[in-house]
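Colleague: Can you read through this structure? Questions will come right after.
The values are calculated or read from the model by the stated rules, or taken from the named source; none is laboratory data. In this text, all values refer to a predicted model and were calculated from it rather than measured experimentally. Cβ placement follows ideal geometry from the backbone for every residue including glycine, while neighbour counts extend to all protein chains displayed.
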Amino acid sequence: MELVPYASVVGSLMYAMVCTRPKIAHAVGVVSSTSLCFGNGKVILQGFIDADLGRDVDSSKSTSEYIYTIGGTAVSWMSRLQKCVSLLSTEAEYMELTEAGKEMIWLAYYLEELGKKQPEKILYIDSQSTIQLVKNPVYHSKMKHIRRRHHFTRRAVEDGDMYLEKIEGAKNLTDMLTKCVDVGKLRLCKTLVGLL
């Protein structure tokens, strides 16, 4: 049985359950609940975020998206309209950092409970201006109109709960959630989030 990948066995059982044997549904549910196996690799939490300014034509609201991977496998993702209209792309990404940051901290604490403490919690973002807005308090005078709840990210970075790192736009996995991407980029994103 060691030569057969666990995920393949679970997939075969699911196929049998759907097509021919509905009575094994409970057993398949039990074995598939433990099908996420990390193997011998390191359990590293990584987050990728992006915001698309004014994506919705009707309301002019921006679209926010993030993907979190653990050991190269996507474990959490989100793509939705923001609740308010952003005037700048930096502002849209800054507001997205609040939601993505809360998810990062929750996932890090969850992994810590499982005995997999994360030494660095890195969020990859393709906006240098947003990183500067978080790190430089002087720059905040230009963004006084942003609600106080969105300054959560600044505090989380100061406390060391997460770190922001610039990523090239071409390597940002979240593009596949909202943008039209070519086949090459889609294959890259698919591979990087652990989809076969």
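Colleague: Going through region 153-166 one residue at a time, which ones are hydrophobic (A, V, I, L, M, F, W, C) and either free of Cβ contacts under 8 Å to residues at least 40 places away in the same chain or surrounded by fewer than 19 Cβ atoms within 10 Å (Cβ to Cβ) (or both)?
Modeller: The answer is V157, and nothing else.
Colleague: Out of all the residues in region 172-191, which are outside any loop (DSSP other than H, G, I, E, B), closer than 24 Å to I131 by Cα and in contact with a helix residue (DSSP H, G or I) (Cβ under 8 Å, 6 or more places away or on another chain)?
Modeller: Across region 172-191, the qualifying residues are D175, M176, C189.
Colleague: Does M95 qualify as being surrounded by 13 or more Cβ atoms within 10 Å (Cβ to Cβ) and in contact with a His (Cβ under 6 Å, 6 or more places away or on another chain)?
Modeller: The answer is yes for M95.
Colleague: List every residue pair whose Cβ atoms lie under 8 Å apart, where the two residues are 6 or more positions apart in sequence or sit on different chains, the first residue falls within region 60-85 and is farther than 20 Å from G169 by Cβ, and the second residue, located anywhere, is of a type in the set (V, I, T) and not in a loop (DSSP other than H, G, I, E, B).
Modeller: Cβ pairs passing all conditions: V75/T69; S76/I67; R80/T63; L81/T63.
Colleague: Out of V30, V18, I need the residue that is modelled with pLDDT under 70 and surrounded by fewer than 12 Cβ atoms within 10 Å (Cβ to Cβ). Which one?
Modeller: Answer to the selection: V30.
Colleague: Moving on. When residues of region 96-130 are filtered for being under 25 Å from K61 (Cα atoms) and in contact with a helix residue (DSSP H, G or I) (Cβ under 9 Å, 6 or more places away or on another chain), how many remain?
Modeller: In the first step, residues of region 96-130 are kept if they are under 25 Å from K61 (Cα atoms); the result is 96-104, 123-130.
Still in the list and also in contact with a helix residue (DSSP H, G or I) (Cβ under 9 Å, 6 or more places away or on another chain): 96-98, 100-102, 104, 123-127, 129-130.
Qualifying residue count, region 96-130: 14.
Colleague: Looking at the structure I just gave you, is E93 of a type in the set (D, E), on the phi < 0 side of the Ramachandran plot and out of contact with any strand residue (DSSP E or B) (no Cβ under 9 Å at 6 or more places or on another chain)?
Modeller: The answer is no for E93.
Colleague: Taking the condition part of a helix (DSSP H, G or I) and at pLDDT below 80, does L196 pass?
Modeller: Answer is no for this residue.
Colleague: State whether the residues of region 33-44 include one that is of a type outside the set (S, T, Y), closer than 30 Å to R80 by Cβ and either surrounded by 16 or more Cβ atoms within 10 Å (Cβ to Cβ) or at pLDDT 70 or above (or both).
Modeller: For region 33-44, residues of a type outside the set (S, T, Y), closer than 30 Å to R80 by Cβ and either surrounded by 16 or more Cβ atoms within 10 Å (Cβ to Cβ) or at pLDDT 70 or above (or both): present.
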